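K.L.:
My questions will all concern the structure given below.
The values are calculated or read from the model by the stated rules, or taken from the named source; none is laboratory data. Not measured: the values here are computed from a predicted model. Please note: Cβ atoms are built from the backbone with ideal geometry, for glycine as well, and neighbour counts cover all protein chains shown. Please note that ligands, DNA and RNA were not included when accessible areas were found on the heavy atoms of the full protein model with its side chains. Shrake-Rupley method; radii C 1.70, N 1.55, O 1.52, S 1.80 Å.
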Amino acid sequence: MALLQIAEPGQSTVPHEHRLAAGIDLGTTNSLIASVQSGEASTLTDSQGRDILPSIVSYQDAPEGNGILVGDEAKALSVSDPQNTIVSAKRLIGRSLSDIQSKYPSLPYQFCGDDNHPEIMTRHGNINPVQVSAEILKKLSQRAEQALGGELTGVVITVPRHFDDAQRQSTKDAAKLVVLMYYVF
(Lines give C-alpha, C1' and ligand atoms only; values in the text may rest on other atoms or scores of the structure.)
Protein backbone atom coordinates (compact mmCIF):
# COMPACT_ATOMS: atom_id res chain seq x y z
CA MET A 1 0.00 0.00 0.00
CA ALA A 2 1.46 3.35 -1.00
CA LEU A 3 1.22 6.55 1.01
CA LEU A 4 -1.32 8.75 -0.68
CA GLN A 5 -0.36 12.27 -1.68
CA ILE A 6 -2.73 14.56 0.20
CA ALA A 7 -3.02 18.22 -0.69
CA GLU A 8 -5.22 21.02 0.53
CA PRO A 9 -7.84 22.17 -2.00
CA GLY A 10 -6.25 24.48 -4.56
CA GLN A 11 -2.75 23.26 -3.78
CA SER A 12 -0.87 20.53 -5.55
CA THR A 13 1.77 18.25 -4.20
CA VAL A 14 5.20 18.28 -5.74
CA PRO A 15 6.09 14.64 -6.44
CA HIS A 16 9.86 15.09 -6.19
CA GLU A 17 9.72 16.67 -2.74
CA HIS A 18 10.60 14.37 0.15
CA ARG A 19 7.81 14.87 2.64
CA LEU A 20 7.44 13.20 6.00
CA ALA A 21 3.94 12.32 7.14
CA ALA A 22 2.56 10.23 9.95
CA GLY A 23 -0.70 9.03 11.41
CA ILE A 24 -1.59 9.49 15.06
CA ASP A 25 -4.09 7.49 17.04
CA LEU A 26 -4.77 9.95 19.87
CA GLY A 27 -6.31 7.46 22.26
CA THR A 28 -8.12 7.82 25.55
CA THR A 29 -5.80 5.42 27.39
CA ASN A 30 -2.83 5.10 25.01
CA SER A 31 -1.67 6.82 21.85
CA LEU A 32 0.71 5.93 19.07
CA ILE A 33 2.18 7.25 15.85
CA ALA A 34 2.89 5.38 12.63
CA SER A 35 4.26 6.08 9.20
CA VAL A 36 4.66 4.38 5.85
CA GLN A 37 8.24 3.76 4.84
CA SER A 38 9.21 1.92 1.67
CA GLY A 39 5.58 0.95 1.20
CA GLU A 40 5.21 -0.61 4.64
CA ALA A 41 3.27 0.87 7.55
CA SER A 42 4.83 0.58 10.99
CA THR A 43 4.51 2.21 14.38
CA LEU A 44 7.30 4.52 15.46
CA THR A 45 8.99 3.70 18.75
CA ASP A 46 10.69 5.79 21.39
CA SER A 47 14.33 5.39 22.45
CA GLN A 48 13.34 2.44 24.69
CA GLY A 49 11.61 0.65 21.82
CA ARG A 50 8.07 1.34 23.07
CA ASP A 51 5.45 2.12 20.45
CA ILE A 52 2.58 2.77 22.89
CA LEU A 53 2.51 6.12 24.71
CA PRO A 54 0.17 6.31 27.71
CA SER A 55 -2.16 9.28 27.18
CA ILE A 56 -1.18 10.84 30.49
CA VAL A 57 0.35 14.24 31.22
CA SER A 58 1.75 15.29 34.59
CA TYR A 59 2.48 18.87 35.56
CA GLN A 60 5.37 18.90 38.04
CA ASP A 61 7.70 21.41 39.66
CA ALA A 62 10.96 21.39 37.77
CA PRO A 63 14.06 23.46 38.41
CA GLU A 64 15.20 22.53 34.89
CA GLY A 65 12.98 22.07 31.86
CA ASN A 66 9.29 22.78 31.73
CA GLY A 67 8.17 20.23 34.33
CA ILE A 68 5.69 18.58 31.97
CA LEU A 69 5.96 14.79 31.83
CA VAL A 70 4.15 12.78 29.18
CA GLY A 71 3.58 9.06 28.83
CA ASP A 72 5.24 6.45 31.01
CA GLU A 73 6.96 9.08 33.18
CA ALA A 74 3.58 10.71 33.87
CA LYS A 75 1.87 7.37 34.41
CA ALA A 76 4.23 6.67 37.31
CA LEU A 77 2.82 9.77 39.06
CA SER A 78 -0.87 9.14 38.35
CA VAL A 79 -1.47 7.50 41.75
CA SER A 80 0.81 9.63 43.93
CA ASP A 81 -0.12 13.01 42.37
CA PRO A 82 -3.56 12.66 40.74
CA GLN A 83 -4.46 16.38 40.98
CA ASN A 84 -1.54 17.32 38.71
CA THR A 85 -1.51 14.22 36.50
CA ILE A 86 -4.20 14.23 33.83
CA VAL A 87 -5.38 10.81 32.68
CA SER A 88 -7.82 10.29 29.78
CA ALA A 89 -8.11 13.96 28.79
CA LYS A 90 -9.73 12.79 25.57
CA ARG A 91 -12.89 12.10 27.58
CA LEU A 92 -12.96 15.79 28.53
CA ILE A 93 -12.01 17.41 25.23
CA GLY A 94 -14.72 19.52 23.61
CA ARG A 95 -17.13 19.07 26.52
CA SER A 96 -18.72 21.66 28.78
CA LEU A 97 -17.86 21.84 32.46
CA SER A 98 -21.38 20.76 33.46
CA ASP A 99 -21.18 17.78 31.08
CA ILE A 100 -17.81 16.71 32.52
CA GLN A 101 -19.00 17.00 36.10
CA SER A 102 -22.20 15.05 35.44
CA LYS A 103 -20.57 12.25 33.39
CA TYR A 104 -17.37 11.94 35.45
CA PRO A 105 -18.20 12.93 39.04
CA SER A 106 -15.34 10.96 40.62
CA LEU A 107 -12.42 12.57 38.77
CA PRO A 108 -9.67 13.70 41.16
CA TYR A 109 -9.23 17.09 39.49
CA GLN A 110 -10.34 20.48 40.67
CA PHE A 111 -12.12 22.19 37.80
CA CYS A 112 -12.47 25.88 37.14
CA GLY A 113 -13.34 28.10 34.21
CA ASP A 114 -16.75 28.70 32.78
CA ASP A 115 -19.13 26.08 31.43
CA ASN A 116 -17.87 26.45 27.84
CA HIS A 117 -14.17 26.57 28.76
CA PRO A 118 -13.46 24.02 31.50
CA GLU A 119 -9.98 23.97 32.98
CA ILE A 120 -8.16 21.77 35.45
CA MET A 121 -6.27 23.44 38.28
CA THR A 122 -2.65 22.20 38.40
CA ARG A 123 0.58 23.48 39.91
CA HIS A 124 1.34 24.89 36.43
CA GLY A 125 -1.85 26.91 36.54
CA ASN A 126 -5.15 26.20 34.88
CA ILE A 127 -4.85 23.71 32.02
CA ASN A 128 -7.59 22.85 29.56
CA PRO A 129 -8.08 19.44 27.87
CA VAL A 130 -6.87 20.85 24.54
CA GLN A 131 -3.52 21.74 26.11
CA VAL A 132 -3.22 18.27 27.61
CA SER A 133 -3.90 16.67 24.22
CA ALA A 134 -1.37 19.03 22.62
CA GLU A 135 1.34 17.75 24.99
CA ILE A 136 0.62 14.18 23.88
CA LEU A 137 0.65 15.19 20.21
CA LYS A 138 3.92 17.08 20.75
CA LYS A 139 5.58 14.03 22.30
CA LEU A 140 4.40 11.81 19.44
CA SER A 141 5.52 14.27 16.76
CA GLN A 142 8.96 14.54 18.39
CA ARG A 143 9.16 10.75 18.35
CA ALA A 144 8.29 10.71 14.64
CA GLU A 145 10.77 13.43 13.73
CA GLN A 146 13.53 11.57 15.54
CA ALA A 147 12.59 8.21 13.99
CA LEU A 148 12.10 9.59 10.48
CA GLY A 149 15.04 11.98 10.58
CA GLY A 150 13.26 15.20 9.72
CA GLU A 151 10.37 17.57 10.31
CA LEU A 152 6.84 16.31 9.69
CA THR A 153 4.94 18.05 6.93
CA GLY A 154 1.60 16.41 7.63
CA VAL A 155 -0.19 14.35 10.23
CA VAL A 156 -3.47 12.45 10.14
CA ILE A 157 -5.15 12.27 13.56
CA THR A 158 -7.92 9.78 14.14
CA VAL A 159 -10.91 10.54 16.34
CA PRO A 160 -13.83 8.30 17.29
CA ARG A 161 -16.75 8.51 14.92
CA HIS A 162 -19.06 9.46 17.81
CA PHE A 163 -17.09 12.70 18.37
CA ASP A 164 -19.24 15.75 17.77
CA ASP A 165 -18.08 18.95 16.02
CA ALA A 166 -16.81 20.52 19.26
CA GLN A 167 -14.69 17.47 20.06
CA ARG A 168 -13.28 17.32 16.52
CA GLN A 169 -12.52 21.04 16.58
CA SER A 170 -10.84 20.73 19.97
CA THR A 171 -8.61 17.96 18.56
CA LYS A 172 -7.71 20.26 15.65
CA ASP A 173 -6.97 23.05 18.14
CA ALA A 174 -4.59 20.73 20.00
CA ALA A 175 -2.75 20.02 16.74
CA LYS A 176 -2.53 23.76 16.03
CA LEU A 177 -0.87 24.29 19.42
CA VAL A 178 1.85 21.88 18.32
CA VAL A 179 1.98 23.50 14.86
CA LEU A 180 1.16 20.29 13.03
CA MET A 181 -0.31 20.27 9.53
CA TYR A 182 -3.15 17.91 10.34
CA TYR A 183 -6.06 16.05 8.87
CA VAL A 184 -8.64 14.80 11.40
CA PHE A 185 -10.53 11.65 10.45
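K.L.:
If you fit an axis through the alpha-carbon atoms of helix 129-148 and take the longest principal axis of the Cα set of the chain, what angle between them do you get, 0 to 90°, nearest 10?
P.N.:
Rounded to the nearest ten degrees, it is 30.
K.L.:
Keeping every protein chain present and rolling a 1.4 Å probe, give me the accessible area per residue for segment 23-81 in Å².
P.N.:
51
K.L.:
To continue, here is another question. Based on alpha-carbon positions alone, could you give the equivalent ellipsoid semi-axes of the chain from the gyration tensor, as √(5λ), descending, whole Å?
P.N.:
Values for the chain, descending: 30, 20, 14 Å.
K.L.:
Probe of 1.4 angstrom, ligands and nucleic acids ignored: what's the accessible area per residue over segment 82-185, in square angstrom?
P.N.:
On a per-residue basis, segment 82-185 sits at 51 Å².
K.L.:
Antiparallel versus total DSSP beta bridges in the chain: what percent is that, nearest 5?
P.N.:
Of all bridge pairs located within the chain, approximately 70 percent are antiparallel.
K.L.:
Sorted by mean Cβ packing within 10 Å, highest first, what order do the peptides 84-97, 159-172 take?
P.N.:
Highest to lowest by the protection proxy: 84-97, 159-172.
K.L.:
Roughly to the nearest percent, how much of the accessible area of the chain is carbon and sulfur, given a 1.4 Å probe?
P.N.:
Here it works out to 50 percent.
K.L.:
Using just the helices of the chain, give the 222 nm mean residue ellipticity in deg cm²/dmol: DSSP H runs with n ≥ 4 each add -39,500 (n - 2.57), and the total is spread over all residues, rounded to 500.
P.N.:
-7500 deg cm²/dmol
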